[in-house]
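Data first, discussion second: the structure below is written as structure tokens.
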Amino acid sequence: MSELGTIGFGLFIILAAVGGAATLTWFERRLLGIWQDRYGPNRLGPFGVGQVASDMIKLLTKHDWVPPFSDRVVFVFAPTAIVVAMMLGFAVVPFGPDLYVIDLNIGLLFFLGMTSLAVYSVLLAALASNNKYALLGGLRSAAQMVSYEVFMGLSLMGVVMLTGSFSMRAIVEAQTDLWNFIPQFLGLFTFLIAGIAESHRLPFDLPEAEHELTAGFHTEYSGMKFAMFMLGEYLGLILISCMIVALFFGGWLGPWLPPIVWFCLKTFIVICFFILLRAAIPRPRYDQLMTLGWKYMLPLTLFNLLVTGAVALTLKGG
Amino acid sequence: MPVIHIDGQEYEVEAGQNILQACLSLGLDLPYFCWHPAMGSIGACRQCAVVQYLNPEDNRGRIVMGCMTPVMDGAIFSLNGDKASEFRRTIVESLMLNHPHDCPVCAEGGECHLQDMTVMVGHRDRQYRGKKNTHRNQYLGPLIHHEMNRCITCYRCTRFYNDYAGGTDLAAMAAHDHTYFGRHEEGVLQSEFAGNLVEVCPTGVFTDKSLMKGYTRKWDLQSAPSVCTGCAVGCNTLPGERYGKLKRVHNRFNAEVNGYFLCDRGRFGAAFVNSEKSLEYPGLRGEDGRFNALDHHSALMHMVHACHAEEGKNKVAGIGSPRASVEANYLLRLLVGAENFAPGFSDREQPLIELALALQQDSPALIPDIQTIESADAILILGEDLTNTAPRIALALRQSVRNKAYELAAELRLEAWQDAAIRNLAQDQRSPLFIASVADSRLDDIAEDRVALAPDDIARLGFAVAKLIGGENISELEPELQARAQAIATALQNAQRPLIISGTGCGNAAVMQAAAQIAQALCQAHNRAMLALAVPEANSLGQAMLTGPGAQSLAQLSKRAAAGKLDTLIILENDLYRRGPKASIDALLANVANVIVLDTLDNATLSASSLALPAASFAESEGTLVSMEGRAQRYYPVFVPRQERRASWIWLLAVMKESEREEVSELHSFDDITRACASDIPALSGITGAAPDAHFRNAGLKIPRQTHRYSGRTAMRADVSVHEPKQPVDEESPLAFSMEGLNRSQPGSLLPFVWAPGWNSNQSLHKFQSEVGGHLKGGTAGARLLLPATGTSASTATQPDATLAPSAPQQPGQWQMVPRYKIFGSDELSVHSPAIAELVDPGFIEISSDDARALGVNDGEGLVLNKPDNASQGELLTIAVATLEVRLNDSIAVGCAGYSVGLAGTEDIIAADKLVLSKADNWKRHKPQIIGSDGGGSTGGDHV
Amino acid sequence: MFKSLRSQLTTIWTILQHSFTPAETVQYPEEQPYLAPRYRGRIVLTRDPDGDERCVACNLCAAACPPDCIALQQGVREDGRWYPEFFRINFSRCIMCGMCEEACPTNAIQLTPDFEMCEYERQSMVYEKEHLLISGTGKYHDYNFYRVSGLAIDGKDKGQGQNEAQPIDVKSLLP
């Protein structure tokens, strides 16, 4: 692709991701409605899709209040950090054989880096709010990120070993014969859980935990700044889904249909699965979350790494 | 201390108690009805049953009544055993057989001891199928409502009314399940303490009639610790408020002062706070002579302007008030300067009150609180009608004369709580009580001897007693009085704790001096003597302490005003027309350009003012009062004053702040004023100890004025606005206008209400006491400012040139005016309470029937009181002072005529004046009226 | 670990099955829901079978009310009957919990199957006695508190209530 084309595609991806995230707010509620035997937003427009627009209008016109007791600069900066980090993460996502913004040879690491940056947003928001609920949310977020970041990276190392490359494109192309989710089922499982935790989606939304902490780190946020956090969360959800598809489910690979359609379809299914998790599983306690991360997930990932390493070595040697 | 076993637990208990007392003191819940901490046990209701075991091997035990069983070392009891609890349950069931289904419409509901006990024993369903007994109710006067159906025949009412308070017109009638508690016929209950039936009755037979309309449940009342302003005794009260109205007054326990009981003036008289006469806005007299309402600030500016003293000229004077707080008086004194401040006593009263203070300060005798008065075993009352001037002390005296009975009981090793046994044992034997007064009194029935004498003769009798005790000769005295004096002296000398009571009541300084001399003589004879001197108003003594001797009098101020040396006169909560003849007060006020009056209710003085400021009543403000025993006590606002009403101290402080006066630059809060007053006035240095300051916190929390069940918070004001206002913040006291906080174990001066889990009635008090009937856990309220003088050398005040010889006989055809007080009517404010107003009579004059015959008048006819005009030297020329209704009273001292103090038509009479009486023509009876109410009452009636 | 994992998976599976169950939601206001007679909606004050107001202003409802949204003041009629001088419910605070109805000893205060009481003005949510008092007996048709109570009122002297004996003649010597 030409320079201009790349920039154009980048912009298109940003718009699509933001639009997708916006639609997702409505779609998630409808889907949760179906699974919880109710309707969800169904009043505005066909199937209530107008809800997206009305929510947008509401958030845009809401009083954008900065608490007088907060650290003003950081308070305003915090919500932008998560959106920027997540959007940058999309740069390395291979939507098709030739559809990507950039094919970095360290694409996977770039993605991990970007998602890790998102935690700053939460921490800064929590600190700048000068609110005890926000602070508690921030503390939880920090602990959660540190714990789950560790095996999130490790869980993908199996994939990297099998492929022998960090390039996202190379990873997808390496799955032509066998999608990674079969040899790397443990990796998929751990990455899935780490991914949920990383994007603070339910059931791992302890930093928000509205039953305990009103709204956790974004208690003091309203209007567009609040919308930025929501946007960041949904972008994170899409990004993680894209990565799962690319890393474990063969990316754009698939018969008959164009590659981009395959990619979108797979991503859509993974998103639905995330929403199903939200509908089905309750939030664990904080200590349970830590126990799960350190006592089960980390050993499991290390085991996966060991076995994959051994198998890869054997295959290579043989 | 004996150790007893209750349900397997070992407890150390106080010797001489019964099991019920011991259990309650230990915090164990044992139901009871007829027992009362102040009245002892009679074992009538059978409710406090426990099982007693002979020894550890005994596993059957027997049921005994807790209130009748003394604690013994090693005794074994079961409180919660099946047998005892089943017995108690069936007792409540039988008491409830005839109890009506009334709780929703019963004024006791929610604070009913019967409800509490029923829940405590677990009785639920009435199994008896028979019909319920019913009774007809009686009209018992405007204070007490009677609903006889609810009676459980515990006999507490008659035991209090007859045995404790000496009433005669309430009795248990008929027999078995027909027992009826009431009067022999409908009519007003005659005892001055009838209101206590409301609190004594464990259920709703006797309830507060003034609360029947506009009733509020206990849990909905906002209440704060307060002090009664009805007289100088300083009983502790708990006024309750709802919707901006003072709903009721209950007793606040203070072991040293009022204990469990109040008088009816205190209980029902506080409703003056709700009077229609109460001021809500400042008023400035306009050109047309009418008052125009002002806002808070402009009223303040008017006052600042009027108070602005020109250089070199001191033209502002202030008149304080013995019914206003120490703090407000102190600020006014600060504002106008000590030399321009009159304490606000009448000219007759001022030397008397100053003398009363001096005598008490110098006396080596103990100045007793009421608890100590109850321990007196020989009493002499000189010239004071206590039942009407200091009612709660009269009630205490009825207990002190029982000390003889307790002595007899001790000989037989009977416990003091064996009420019926001790009463039967003693019959009519009492500790000696001698009364020398101008006429009969309500204590005559318990007096060993009573003599009616003119005030000067009372003093002579007193001096004679003092001389006898001092071993001197009294042969100058009339032989009849000699015998009396001898009897009194002997009784006082033989007593362990003799008590002499006198006061300003009969308007005679010598009487009080005589009392002080007797006390001093007794002290010199190594007797622990007590001296109590009654003063008229809630803060009379505090006022005397504030100004010290030789303060400006009203007469002096009048003189200065007449000389044109006064521009502005600030009158603090004082109706001057009650302090002197109308003509002289009129003259005083007319000679001053700016008359600024701060008061709660509209009165004649306020009507004559040029600027009227609405002062908050005792229920809406804080302040310190000094009672007649020299106890400084704090009262707190029960509710936030409505409209522009402010506490007087707030008005005065604001004026001084606006005038940028140096003295108040450091005064910001109520506590600051109290502290400044304490450091400025040595006699009042103890007032800071009256109660903790505003920084006090109970376990880190303020003390709530509202119970935790206080209802309607989000609806009370919703008719005005659905947006609820913030709860008012009280920065001046440790109490909060909210239900948040801790009401437990705080100092007794901060007890806003009593409630304990399972104990909704006032019987929950024992949970706040260190032991049942004892002091409050947090300490007793108030700080004593008067301590017995150390040396026995008497000051000059107590050593007048006492002559025992009879004075020259009175001129024939003249009568000496002696004051007669009325519990309902003599007090300024309580008569504005609607219930009390119903009991107030028109003014009267008491003369003996012989005198009446000589004057040719009958009971109920009119009598003109004339003052001989000295200037003309002719007997025919007289000035009519008043015309009053005649009441025949043969007990009145010879040559004396008693006039009703404070009642309509008597304001121009001065005590001890000698007046000529003559029959009034065309006499028409007055309608009951209150002095200074509309100006009409002060003109002396509508006769021709 | 495996047990809890299985439990989570079962849950997910169960929820997934709900994709095929119809929604329970009633499409109010097009569709009106069924409200049982004992539904806890708008509060009313009822009258006794004789047509007099049942409320005796005992204050128990106000005490029971969790958001403290009931305020009233007792008054008393000439004949001794208690009644509320004013009775106010702040429905903007009311949580329709029905505790007031349970506390009421006279069946005066009752909740009705009506919840449609929206207002644009919050102040209009404050209901006074004239808004609350209805002309009927509500759910309980026969109860009349003053027939059971021992209080004498107009038309019912002492001893004329249910299960009451004639007033005792104190002067009688008969047992």
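The values are calculated or read from the model by the stated rules, or taken from the named source; none is laboratory data. Just so it is clear, the structure is predicted and the values come from calculations on it, not from any experiment. As a convention, Cβ positions derive from the backbone with ideal geometry for all residues, glycine included, and neighbour counts pool all protein chains shown. Calculation scope for accessible area: heavy atoms of the full protein, side chains included, ligands and nucleic acids excluded. Shrake-Rupley method; radii C 1.70, N 1.55, O 1.52, S 1.80 Å.
Remarks
- Solvent-accessible area of B:Glu147, all protein chains in place: 10 Å² (probe radius 1.4 Å, heavy atoms, ligands and nucleic acids excluded).
- GNM result for chain A, Cα springs below 10 Å: residue of A:Pro282, A:Pro68, A:Pro203 fluctuating most strongly: A:Pro68
- Candidate cross-link partners of B:Lys565 among the lysines, defined by an alpha-carbon separation under 17 Å and a same-chain spacing of 8 or more, comprise B:Lys313, B:Lys315.
- Spin-label pair B:Ala563-B:Glu186: with each label point 7 Å from Cα along the Cα-Cβ axis, the two points sit 6.3 nm from one another.
- Taking all protein chains together and a 1.4 Å probe, the residues B:Lys914, B:Lys726, B:Lys565 rank B:Lys726, B:Lys565, B:Lys914 from largest to smallest accessible area.
- Converting phi to 3J(HN,Hα) with the Karplus coefficients 6.51, -1.76 and 1.60 and the offset θ = phi - 60°, the range B:200-207 yields 6, 5, x, 9, x, 6, 10, 10 Hz in sequence order, with x at every glycine or proline.
- Nearby aspartates and glutamates by direct alpha-carbon distance to B:Lys924 (threshold 16 angstrom, same-chain neighbours under 8 apart not counted): B:Asp841, B:Asp859, B:Glu861, B:Glu885, B:Asp942
- Sorting B:Leu95, A:Leu247, A:Leu44 by solvent-accessible area of protein heavy atoms yields A:Leu44, B:Leu95, A:Leu247, largest first, with a 1.4 Å probe.
- Along the range A:301-311 the Karplus relation, 6.51 cos²θ - 1.76 cosθ + 1.60 evaluated at θ = phi - 60°, assigns HN-Hα couplings of 5, 4, 4, 4, 4, 4, 5, 4, x, 4, 5 Hz to successive residues, with x for each Gly and Pro.
- Under-5 Å amide H pairs with C:Gly75, H placed in peptide plane, nonlocal only: B:Gly214, C:Tyr83, C:Glu85
- Linear extension gain, B:Val720 paired with B:Val3, 0.36 nm per residue minus alpha-carbon span: 252.0 nm
- Amide H contacts of B:Asp602 (H built 1.01 Å from N, in plane; Pro and chain starts excluded): B:Ser278, B:Leu279 sit under 5 Å, all sequence-distant by 5 or more or on other chains.
- Long pairs among B:Lys132/C:Lys171; A:Lys132/A:Lys225; B:Lys247/C:Lys158, criterion Cα-Cα beyond 23 Å: B:Lys247/C:Lys158
- Backbone geometry of the range B:39-50 corresponds, through the Karplus equation with coefficients 6.51, -1.76 and 1.60 at θ = phi - 60°, to 3J(HN,Hα) couplings of 10, x, 10, 10, x, 8, 8, 6, 8, 8, 5, 9 Hz, x marking Gly and Pro.
- Magnitude of the charge dipole for the range A:66-317, about its Cα centre and with charges confined to Cβ atoms of Lys, Arg (+1) and Asp, Glu (-1), is about 220 debye.
- Among beta bridges that DSSP assigns inside the protein assembly as shown, antiparallel share in %, nearest 5: 60
- Surface calculation, 1.4 Å probe, protein heavy atoms: B:Arg136 sits at approximately 110 Å² accessible.
- Label reach from A:Asn130 (point 7 Å along Cα→C-beta): in the range A:54-74, amide nitrogens under 17 Å belong to A:65-74.
- Counting only DSSP beta bridges whose two residues both lie in chain B, roughly 55 percent are antiparallel.
- Angle in degrees between helix B:296-307 and the longest Cα principal axis of chain B, rounded to the nearest 10: 40
- Placing a pseudo-label 7 Å from each Cα along the Cα-to-Cβ vector at B:Asp890 and B:Asn922 gives an inter-label distance of 3.6 nm.
- Counting only Cβ charges, +1 for Lys and Arg and -1 for Asp and Glu, the dipole size of the protein assembly as shown around its Cα centre is about 3760 debye.
- Set B:Lys218/C:Lys156; B:Lys131/B:Lys209; B:Lys131/C:Lys156 screened for pairs whose C-alpha atoms are more than 20 Å apart: B:Lys218/C:Lys156; B:Lys131/B:Lys209
- Note on B:Lys867: lysines with a C-alpha under 19 Å away, same-chain residues under 8 apart excluded, are B:Lys582, B:Lys914, B:Lys919.
- Available extension along the chain between B:His668 and B:Ala172 is 172.8 nm, counting 0.36 nm per residue and deducting the alpha carbon span.
- Under the convention that each Lys and Arg Cβ holds +1 and each Asp and Glu Cβ holds -1, the size of the dipole of chain B around its Cα centre is about 2040 debye.
- The range B:727-741 versus the range A:70-138: alpha-carbon centroid distance in Å: 49
- For the chain pair B and C, the interface hides roughly 3900 square angstrom of accessible area in total, found with a 1.4 Å probe.
- A simple spin-label model places pseudo-atoms 7 Å from Cα toward Cβ; at B:Met301 and A:Ala53 they are separated by 6.0 nm.
- The range B:515-551 and the range B:650-689: distance between their alpha carbon centers, rounded to Å: 28
- The value of relative contact order for chain B, using C-alpha pairs under 8 Å at least six residues apart, is 14 percent.
- R0 of 30 Å, Cβ-Cβ distance B:Met212-C:Tyr143: FRET efficiency to nearest 0.05: 0.75
- Share of carbon and sulfur in the accessible heavy-atom surface of the protein assembly as shown [1.4 Å probe, %]: 56
- In this structure the amide hydrogen of B:Ser891, modeled in the peptide plane, comes within under 5 Å of the amide hydrogens of B:Asp440, none closer than 5 places in sequence on its chain.
- Residue order for B:Met656, B:Met120, B:Met716 - accessible surface, 1.4 angstrom probe, largest first: B:Met120, B:Met716, B:Met656
- C:Arg81 accessible area, 1.4 Å probe, all protein chains in place, Å² to nearest 10: 20
- Leading residue at positive end of dipole, the protein assembly as shown (Cβ point charges), from C:Ile70, B:Gly898, A:Leu247: A:Leu247
- Mean sequence separation of contacting Cα pairs (under 8 Å, at least six apart), scaled by the length of chain A, corresponds to a relative contact order of 23 percent.
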